[in-house]
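The values are calculated or read from the model by the stated rules, or taken from the named source; none is laboratory data. Everything numeric in this text was worked out from a predicted model, so none of it was measured. Reconstructed Cβ throughout: ideal geometry from the backbone, glycine too, with neighbour counts over all protein chains shown.
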Amino acid sequence: MTNNQSRTNNLVVPQATAALQQMKYEIANELGIPIPQDGYYGNYTSRDTGSIGGYMTKRLVQQAQQTLSGYNR
């Protein structure tokens with residue numbers, strides 16, 4: 001990476017923020033991991049927060065595959 005390049009974590013579709021937040025809460029609930037009300041994750045292990053992100057990614061990939069294949073549940 002050159003000096004004038006920086007990493008950003010911008011959403012490609014900003015309107016998806018609410019849906020992603022809802023998915024995060026649903027997955028955390030399924031895994032039995034409480035989401036902190038104040039938004040501070042410092043007391044959580046990397047394994048817990050990584051599990052939420054990993055399951056989100058897995059679910060998003062499954063949804064994309066279903067959409068591309070024309071199969072919707």
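Which of the residues that make up region 19-32 are closer than 14 Å to M56 by Cα and either aliphatic (A, V, I, L, M) or loosely packed, with under 10 Cβ neighbours inside 10 Å (or both)?
A19, L20, M23, I27, A28, L31, listed by residue number.
Cβ-Cβ distance below 6 Å, separation of 6 or more or different chains: which pairs start in region 16-41 with a residue that is outside any helix (DSSP H, G or I) and end on one that is loosely packed, with under 10 Cβ neighbours inside 10 Å and among the acidic types (D, E)?
Filtered contacts from region 16-41: no entries.
Out of the residues in region 36-53 that are surrounded by 13 or more Cβ atoms within 10 Å (Cβ to Cβ) and at pLDDT 85 or above, state the one that is nearest to the chain's Cα centre (by Cα).
Within region 36-53, the first condition is being surrounded by 13 or more Cβ atoms within 10 Å (Cβ to Cβ), and the residues that meet it are 41, 44, 48-49, 51-52.
Filter once more, so that each one left must be at pLDDT 85 or above: 44, 48-49, 51-52.
Working: Y44: 16, D48: 13, T49: 10, S51: 10, I52: 7 Å.
Ranking the qualifying residues of region 36-53, first place goes to I52.
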